[in-house]
Amino acid sequence: MAQPVYSFLGYKLLEVNYKNNLQHSNTYISISCSGKLVDKDLYILNVKVCADFIPDEESSFLFESAFRINDKELFNELDDKPLQSILFSVVFPFIREKIFTITSDISQGLFIPTLDLKSIDVSKGIKLNRK
């Protein structure tokens, strides 16, 4: 039986710096990722999401996710940039939900839109601006 190239082990919220002014709607959301192979079969992907709920002050949420590498040959063929995008697409729905839950306690929560991650290079970061 063939194994998948990787297995998603889970994620955790490492750090929250959240300040909100109920009179101000955030004007942007930025997302950045960094990943590394920390063991021969364990890949860690860190995701930082930032938004400005208060003018000139940034709120941030830092997540860490872990993936077990099952197929070393195929894994080694992947460039680091597409790899981060693939792994980010796995953990992104969980991060969206967690941030919405945290920020919706006081007011309308931070809603990060659904993104088509197939064509996004997350190694360069993502910035969404409110119109």
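Only the coordinates and a few stated rules stand behind these numbers; no lab work does. Model, not experiment: these values are computed from the prediction. Positions of Cβ are generated from backbone atoms using ideal geometry, with glycine treated the same way; all protein chains shown enter the neighbour counts.
Things worth noting here:
- For the pair ALA2 and TYR18, label points projected 7 Å from Cα toward Cβ lie 4.1 nm apart.
- Expressed as a fraction of 2.2 N^0.38 Å, the value expected for a compact globular protein of N residues, the C-alpha radius of gyration of the chain is 1.14.
- The C-alpha atoms of the chain define a longest principal axis, and helix 80-103 lies at about 40 degrees to it.
- In the chain, helices alone account for a calculated mean residue ellipticity at 222 nm of -7500 deg cm²/dmol, with every DSSP H run of four or more residues adding -39,500 (n - 2.57).
- More than 14 Å apart - percent of Cα-Cα pairs taken over segment 1-60: 67 percent
- Between LYS40 and LEU128, the FRET efficiency estimated from the beta carbon spacing at R0 = 25 angstrom works out to 0.10.
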